[in-house]
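Presented below is the structure to which this report refers.
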Amino acid sequence: MHSSFTRIQGVFGFFTTVACVLAGFIAASDLLSIRKPSGTIVPTNIQVVKGRPHYYSSKKEEYAIIKFSLDADLSSLFTWNTKQLFVYVTADWPSAPGANTTDSAVIWDTIITSPSADHLQNIGPVAMKKLRRSSEGKAIDPSRGLLKLKNQRPKYQITHPSGKIAKVDGVTLKVHYNVQPWVGLLTWDMQDKLGYWRALDGGASEPFELPAIKVKDAGKNKAKKA
């Protein structure tokens, strides 16, 4: 006869096997969902300032502030297995003329939770009530993946190790996303078609140049003082 410990071990092993198989089916079910994200992003205001970009900066340097407008439809990324969606915007530019390398800096990000993961939001009780009210009776809230931002101020400034960022050419704003499921692998930006999954349609601005720093005319200042 088997001991109690052996029986418990056998039951636990069977339970673990069933749980792993079930998790595999849940993760594979995402491949049957249609993903067709799209979006447009346009810079609306570009400034280059010289100063201390952070409170802990030890010296003054050039940094860029880019405001933008974003209109994106990422609702198809939400399925019953989606926990939350991490969306972020980067500014990319060639590191040197003719080089194949690219410099990239994140200027804005946000986390969009699914209705089943609203409890993970670090928000106040009033905002939480609104979230729960918007998702009542809905397995998947289609409005969760819709982003409409106008003249959005960036969360982070753009700096460079050299301390100079003005007059950089070929800068492009790009939208990125990361799907975090309840069960399965993290899914980053899709570059190619995979089954029912499509790459992000659009999501990149036209290349532009960062402006030069505005310098006050010393002659005019002296004339005003005189």
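The values are calculated or read from the model by the stated rules, or taken from the named source; none is laboratory data. Just so it is clear, the structure is predicted and the values come from calculations on it, not from any experiment. Cβ: placed from backbone, ideal geometry, glycine included. Neighbour counts: every protein chain shown. Just so you know, the surface numbers come from the protein's heavy atoms only, side chains and all, with ligands and any DNA or RNA stripped out. Shrake-Rupley method; radii C 1.70, N 1.55, O 1.52, S 1.80 Å.
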Count of region 141-164 residues which are among the charged types (D, E, K, R) and in a loop (DSSP other than H, G, I, E, B): 4
Breaking point among (1) under 19 Å from residue 44 (Cβ atoms); (2) open to solvent by 60 Å² or more (accessible area, probe 1.4 Å); (3) part of a loop (DSSP other than H, G, I, E, B); (4) at pLDDT 75 or above, for residue 214: (4)
Candidates 167, 174, filtered to the one that is over 16 Å from residue 77 (Cβ atoms), part of a strand (DSSP E or B) and open to solvent by 60 Å² or more (accessible area, probe 1.4 Å): 174
Only one of 49, 89, 42 that is within 29 Å of residue 190 (Cβ to Cβ), open to solvent by 30 Å² or more (accessible area, probe 1.4 Å) and of a type in the set (Val, Ile, Thr): 42
Residue check, residue 199 farther than 18 Å from residue 45 by Cβ, open to solvent by 70 Å² or more (accessible area, probe 1.4 Å), modelled with pLDDT under 90 and assigned to a loop (DSSP other than H, G, I, E, B): no
Residues that are small (Gly, Ala, Ser), over 27 Å from the mean Cα position of the chain (by Cα) and part of a helix (DSSP H, G or I), drawn from region 1-23: 4, 10, 13, 19
Where a residue in region 53-66 is open to solvent by 100 Å² or more (accessible area, probe 1.4 Å) and its partner, wherever it lies, is not in a loop (DSSP other than H, G, I, E, B), with Cβ under 6 Å and at least six apart: 60/50; 60/51
Search result, residues across region 24-35 that are within 21 Å of the chain's Cα centre (by Cα) and surrounded by fewer than 16 Cβ atoms within 10 Å (Cβ to Cβ): 34
